[in-house]
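None of the figures in this text is laboratory data; all of them are computed from the coordinates on show. The structure presented is a predicted model; accordingly, all values stated were derived computationally and were not measured. Backbone-built Cβ (ideal geometry, glycine too); neighbour counts: all protein chains shown.
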Amino acid sequence: MAERASREVVEVPETGFHFAHPWLLLLLLAPVPLWLWLRMTSPREDTRRYRAYADARLLPFLIGRHDLPSRQKSRVFLLWCALWALLVIAIAGPRWDFRDVQLFRPGSDLIILLDLSRSMDVTDISPSRLARARQEVQDLIENNRHSRLGLIGFATLAHIIAPLTEDGNSLRVLLPALSTDLVELKGSRLTEALLRAQQMLAGQPENSSRHLLLITDGDFGDGNLEEYVKRLTREGVHLHVLALGTEEGGPVPGADNNMLRQADGSVVISRLDEDNLKKLAEIGNGIYQRAGYRDADTAALLDGIGQASHAHAVANQRTRIWNERYFWLVGLVMLLVLPMYRRFPRVFIKQETL
């Protein structure tokens with residue numbers, strides 16, 4: 001079983017300088033063959049015979065030799081060698097001082113059920129319900145400490161976007177691609193999403209607490225939804241709800257930025273179905289939260305899930321986290337290169353005006 005670190009960290013005063021990837025230091029030798037190549041390919045013959053074909057000021061660009069004093073050429077070459085050396089040392093990963101972290105086994109499984117129906121594009125909350133939902137999922141990923149996370153997107157059909165994992169970054173990279181355009185059939189049916197989640201939870205450890213988090217505006221087309229939620233509750237699965245939208249609601253956008261209309265031509269208005277969502281959370285023995293601008297809603301959900309979690313320390317297993325210091329060298333390179341960007345344009349303009 002995979003393991004993840006908790007926030008409980010023991011500081012260790014011991015230090016030890018080393019590189020994360022020491023073999024990359026071999027790249028420090030790259031300027032040597034470059035210098036040999038420049039020496040071998042540098043033209044040494046008299047350039048007077050070329051002057052019949054180009055002006056004197058263009059000859060350096062034609063034959064690959066600039067009229068710079070040899071000492072100045074050496075300084076320029078050494079400068080670029082120094083910048084190269086700093087960057088190579090940076091990517092080799094200099095590090096020192098570390099922390100020893102106790103490993104924990106996650107004690108709960110949390111599957112996020114994200115509504116991707118067309119009503120999630122309504123803008124009654126800024127910038128839209130779906131954009132806010134993606135932000136809420138990101139807050140959950142960043143603040144989660146004791147749960148494996150999975151993600152299911154659903155509308156009329158349900159699709160597993162990410163299986164249960166302890167790697168929150170794998171979920172985070174998927175969030176920008178989630179949109180209502182991923183679902184061809186419209187409408188919102190929750191039962192199939194619950195079935196997919198039940199199948200995902202079936203293979204998890206029996207001692208883990210099991211949780212589902214529904215992120216939606218409501219308005220489902222399932223006839224036997226409450227009975228299905230009761231069945232999940234009897235199996236020990238908790239259904240939590242994070243509601244999006246307002247009571248006033250807003251028009252539902254359709255294709256080509258046109259609003260969806262009913263058969264009589266009136267615009268379809270989607271409103272938050274708060275009463276039914278609260279009832280689902282109550283039946284599912286879970287927590288109901290209404291999405292806000294701050295992360296207090298996700299914090300309350302994670303606190304409630306954490307209380308039912310059975311996370312425990314892995315005996316005699318700790319991991320060492322080193323503090324990376326590469327950014328100091330990268331910052332130094334940026335400071336050294338910055339003046340060059342101010343000098344090069346003036347040289348270019350001077351040459352163009354000759």
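Residue ranges 22-31, 280-289, 164-173 sort as 280-289, 164-173, 22-31 when ordered by packing (mean number of other C-beta atoms within 10 Å per residue, highest first).
Given R0 = 56 Å, the distance between the Cβ atoms of residue 256 and residue 38 translates into a calculated FRET efficiency of 0.45.
For segment 103-220, the relative contact order is 39 percent, taking Cα pairs closer than 8 Å that sit 6 or more residues apart in sequence and dividing their mean separation by the residue count. Relative contact order for segment 107-310 using alpha-carbon pairs under 8 Å, separation at least 6, rounded to a whole percent? After rounding, I find 26 percent.
If both residues of a DSSP beta bridge must be in segment 107-310, then about 25% of such bridges are antiparallel. With one equal scatterer per alpha carbon and no solvent term, the Debye-computed log10 I(q)/I(0) for segment 107-310 at 0.11 1/Å reads -0.46. For residue 116, the amide hydrogen comes within under 5 Å of the amide hydrogens of 154, 155, counting only partners 5 or more places away or on other chains and with H modelled in the peptide plane. Each peptide in 217-227, 327-337 receives the mean, over its residues, of other Cβ atoms within 10 Å, and ordering these scores from highest gives 217-227, 327-337.
A Förster distance of 22 Å, applied to the separation of the beta-carbon atoms of residue 246 and residue 282, puts the FRET efficiency at 0.55. Assuming R0 = 56 Å, what is the FRET efficiency of residue 75 and residue 222, from their Cβ-Cβ distance, to the nearest 0.05? E(calc), rounded to 0.05, equals 0.15.
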